[in-house]
Structure formats: structure tokens, C-alpha cells
Amino acid sequence: MGMTKKEHVQHEEAILSKQVKQNRATLTEKTLIDTVLETCNGNVTKSADFLGISRGTLIKRIKEYNLKIK
């Protein structure tokens, strides 16, 4: 049996809400990484230590978010 119109709208709203939360988390992470890199004068090793992640993970995120190391 199919969904009612109300159920369909609620389902679509739930999907949209999840996408917004994921995008917000991504933007927050990107901003945080960019700020830490700037604070550490572009030193990836120090930035990774500060963030509590491996250097490799930080490099992956830098590429993923197209961040520039200054």
C-alpha cells in the first residue's frame, strides 16, 4: 500500500532535514580545519595534532574541501 500525501510530505521533510544536518556538519568541519590551519601557519602536522586526527586524514580533508594551505 502506498503512502498518504501527509506521510509522503513527512518522509520528504525527514530526508531534507538529514541532508541539511549533513551539510551543516561538513561546513563546520571545513571551517574548523581552515581556522586551525591558519592558526598553525599552514603546518599540517601541528594542525592534525591539534584536531586529534592523523596527518593523512587531515590531508585527505584538505583535498576534499579544496582548502589552500597558506
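Could you list, in sequence order, all residues of the range 29-48 that are of a type in the set (S, T, N, Q) and either within 13 Å of residue 68 (Cα to Cα) or open to solvent by less than 20 Å² (accessible area, probe 1.4 Å) (or both)? Please lay out each step first, then the result.
Initial filter on the range 29-48 (of a type in the set (S, T, N, Q)): 31, 35, 39, 41, 43, 45, 47.
31, 35, 41, 43, 47 - these are the residues of the range 29-48 that are of a type in the set (S, T, N, Q) and either within 13 Å of residue 68 (Cα to Cα) or open to solvent by less than 20 Å² (accessible area, probe 1.4 Å) (or both).
Test residue 70 against the criterion of being basic (Lys, Arg), in contact (Cβ under 8 Å) with a residue 24 or more places away in the chain and open to solvent by 100 Å² or more (accessible area, probe 1.4 Å), and give yes or no. Let's see the steps before the verdict.
Numbers: basic (Lys, Arg): yes; in contact (Cβ under 8 Å) with a residue 24 or more places away in the chain: yes; open to solvent by 100 Å² or more (accessible area, probe 1.4 Å): yes.
Considered against the rule, which asks whether it is basic (Lys, Arg), in contact (Cβ under 8 Å) with a residue 24 or more places away in the chain and open to solvent by 100 Å² or more (accessible area, probe 1.4 Å), residue 70 comes out as yes.
The values are calculated or read from the model by the stated rules, or taken from the named source; none is laboratory data. As the structure is a computational prediction, the values presented were derived from the model and not from experiment. No Cβ is skipped: glycine too gets one built from the backbone with ideal geometry, and neighbour counts run over all protein chains shown. To get the accessible areas, we keep the full protein, side chains included, count just its heavy atoms, and leave off ligands, DNA and RNA. Shrake-Rupley method; radii C 1.70, N 1.55, O 1.52, S 1.80 Å.
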